[in-house]
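Notes for the one structure printed next.
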Amino acid sequence: MNKTHIKQGFAIAMMSLVAFFACKPEEEITAETRLFRPVLNKELSAKNNTIIVNMGNIKAATGYTVEVSRDTFKTTDYTFKVDTNYVIVDETLLKGESLYWNTTYQVRAIAHAAKVELDSKVSDLGSVKTEKFPSIMATPTAADVIDVAARIRWTTGGVTVAKVKVFAKTDLKLATPLAQYNVSEADQKAGSTIVSKLNPLTTYQLAIYAADGTIKGWDNFTTISRAVDTSSPNVIDLSENDDPTALNTALLNVVEGGIIVLKKGATYTMPVNNFAKSVTITSAYGFGEQKTIITTSGGGNIATGVTLDYIRFSNIEFIGADIGGSYIFNPNIATLTTVKELSLDNCIASNMRGLLRIRGKFFATNFIIKNSIIHQIGTYGVLTTDTDGAGNAAVDNIIFQKSTFSKINIFLTSRQNSNSVLIEDCTLSEVATNSGSLFNWRGAAGLRNVTNGIKISNCIWGHAWDQAGTAVLAVRGKSAGLDLTNITVLNTYTTGDFSYVAGTEISGLPSFTYTKKASELWVSPYTGLNFNFKDTSFPGRKDTGDPRWRVK
């Protein structure tokens, strides 16, 4: 191609481009674009039960649509238009309605242009929680709810709380009370009242009001599951009965495998009627630290000749009449009688000569103590099997777990072989005097051992109980028997003032040495039963002893 043709072609192309742009409409050259999505100048914030939305100003925007939701816009609570980028979502904007207190909301916005087709796309501005209502009510804790009741607490002084109302969880406007109660003068002074007749596993809103009807606070309370279904036909419900003899009558009437529910904090006497059926005796839920109490002197009676699957106590405090003659059980039975499980769970027992002393032809397959505190026990200790000769009273398996034992004259005594002894995750302080012993298997030849061994793990042992005031703190480890018993000790400490009477040592106990005294290890080992760790450098503070005292 020659140069003339190239020049002609270039000229034609340039003329075509000029013609193209000359024909294109002017508005396509200067086309308007959609507005940018709104963004925040500052994070969403709340003041009381209002929300502050501070968006950047978009000059081309003629206004904004703001939407508010509580469920991430599955539904929208409010939609409104404003002509400013700074918005306070309050009653004025919402035409007399108000946002809920202590509630999380989501906010989004659209910027509007002069032409609707140029409006911005939706901008999610985030979430914000309104403040809690300025209340005199204390925030509820786990200790303030049980299965069928809740305890409301408030600050006293300025306002008299005259009424409590109960609302459903969904009644967010507190419009329709399910129930309402007047607050007694005593509760007004105490700053606390209990709302009952609630359902288990249910969330309620409980609100308090002044005498003039002004609300002074509310919060959510969620009840817990029932430990025992008191409507079941195998349950005798004494949760509202504080007659000291009521347990005795209930024991006579309970069905095999039944449950007796006692009133929390009430005091009952140990039944004189026989334990003749498998039974669980427990406490209803309630408020306060005091457990249900059973007082005992001679001990409970077990029917002659029965075979029971279990006798179980849960959430009970046993208090003996005196340390010289009281027991939980002290059976002396001439006819074969067996309880396959005798157990204490989350119990306290104190001021007794012994917990379980058995004689004659009484046999227990499993004697279990767990999550409990045993203290101030005399010369028959935690367990004594007290009849010589083959085929007499015995306990096969002894299981102590996650419990505290303190001020005990003698720990375990048997005149018969046992199958096993397990002591794990326990705190033991002042257990056995220097004239008592930890383990005393004192039966005749062939009846002096634990055939499958003694296992001690994750425990802490303090020095002997100086019950006689002699200042002798050495403990008798093995005072008789156990020559053929294998004793396994794992992750177990003794305090620096622990020692053995010569010739009674337990090989392997302790597995670790702690050099400081009991008074240096524990907060208050001698009074108050406070075995929290004073020495925060103690190596076993997280994994030894009763878990209730461990460093979490």
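The values are calculated or read from the model by the stated rules, or taken from the named source; none is laboratory data. None of the values given here were measured: they were computed from a predicted structure. Positions of Cβ are generated from backbone atoms using ideal geometry, with glycine treated the same way; all protein chains shown enter the neighbour counts. The protein model used for the area step is the full one, side chains on, heavy atoms only, and it has no ligands, DNA or RNA in it. Shrake-Rupley method; radii C 1.70, N 1.55, O 1.52, S 1.80 Å.
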### In order through the stretch 499-506: 3J(HN,Hα) via Karplus (6.51 cos²θ - 1.76 cosθ + 1.60), integer Hz, x for Gly, Pro
7, 9, 5, 3, x, 10, 4, 9
#### Entry: For the stretch 138-295: relative contact order, % (alpha-carbon pairs under 8 angstrom, 6 or more apart)
20 percent
### Message
What is the percent carbon and sulfur in the accessible area of the stretch 385-543, measuring with a 1.4 Å probe over the protein chains and ignoring ligands?
### Response
47 percent
### Message
Please give me, ordered by residue number, the trypsin sites (Lys or Arg not before Pro) of the stretch 157-238 that lie in loop per DSSP and have at most 12 other Cβ atoms within 10 Å.
### Response
K169, K173, K197
### Task
Under 17 Å from a label point 7 Å along Cα→Cβ of Y526: give me every residue in the stretch 397-419 with its amide N that close.
406-408
### Query
Which value in nm describes the separation of the simple spin-label points at D242 and K132, placed 7 Å from the Cα toward the beta carbon?
3.2 nm
### Message
Going by average Cβ density within 10 Å per residue, which order do the peptides 378-384, 353-359, 497-503 take, highest to lowest?
### Response
353-359, 378-384, 497-503
### Query
Rounded to the nearest 5, what % of the DSSP beta bridges within the chain are antiparallel ones?
35 percent
### Query
Can you give the net charge of the other residues whose Cβ lies under 15 Å from the Cβ of N419, counting K and R as +1 and D and E as -1?
+1
### Query
What percent does the relative contact order of the stretch 232-353 come to when contacts are Cα pairs within less than 8 Å and at least six residues apart?
22 percent
### Task
In Å³ and rounded to a whole number, note down the convex hull volume per residue for the Cα atoms of the stretch 71-162.
177 Å³
### Query
For the stretch 220-342, with equal point scatterers placed on the C-alpha atoms only and solvent neglected, what are the log10 I(q)/I(0) values from the Debye formula at q = 0.10, 0.16, 0.17, 0.21 1/Å, to two decimals?
-0.31, -0.78, -0.87, -1.26
## Note on the structure
Relative contact order of the chain (C-alpha contacts under 8 Å, at least 6 apart) in percent is 6 percent
#### Entry: Karplus (6.51, -1.76, 1.60) ³J(HN,Hα), θ = phi - 60°, over the stretch 276-292, in Hz, Gly and Pro reported as x
10, 9, 4, 8, 10, 10, 9, 10, 5, 5, x, 9, x, 7, 5, 6, 5
### Message
For a 22 Å ceiling on Cα separation, which of these pairs sit above it: K47/K216; K340/K370; K163/K263; K165/K197?
### Response
K163/K263
### Summary
Counting sequence-distant residues (5 or more places) and residues on other chains, those with an amide H built under 5 Å from that of A480 are W441
### Query
Under 5 Å between amide H atoms, partner at least 5 residues away or on a different chain: which partners does F133 have, H built in plane at 1.01 Å?
N102
### Query
Is any residue of the stretch 117-146 close enough, with backbone N under 20 Å, to a label point placed 7 angstrom from the Cα of Q290 along the Cα-Cβ axis, and if so, which?
143-146
### Query
Roughly how compact is the stretch 149-229, stated as its Cα Rg over 2.2 N^0.38 Å to two decimals?
1.09
### Task
Give me the net charge of L99's neighbourhood, meaning all other residues with Cβ under 9 Å from the Cβ of L99; Lys, Arg count +1, Asp, Glu -1.
-4
### Task
Over the chain, give the accessible area per residue in Å² for a 1.4 Å probe, as an integer.
48 Å²
### Message
Once the cut-off is 35 Å, how many percent of the Cα-Cα pairs in the chain end up in the long-distance tail?
### Response
58 percent
### Task
In whole angstrom, note down how far apart the Cα centers of the stretch 459-475 and the stretch 101-180 are.
57 Å
## Note on the structure
Net charge near L428 (other residues with Cβ under 12 Å of its Cβ; Lys, Arg +1; Asp, Glu -1) is -3
### Query
Hey, which aspartates and glutamates would be in cross-link range of K517, C-alpha to C-alpha under 13 Å, not counting anything within fewer than 8 residues on its own chain?
E430, D497, D535
### Query
Add -39500 (n - 2.57) for each DSSP H run of 4 or more in the chain, then divide by its residues: what number comes out at 222 nm, to the nearest 500 deg cm²/dmol?
-2000 deg cm²/dmol
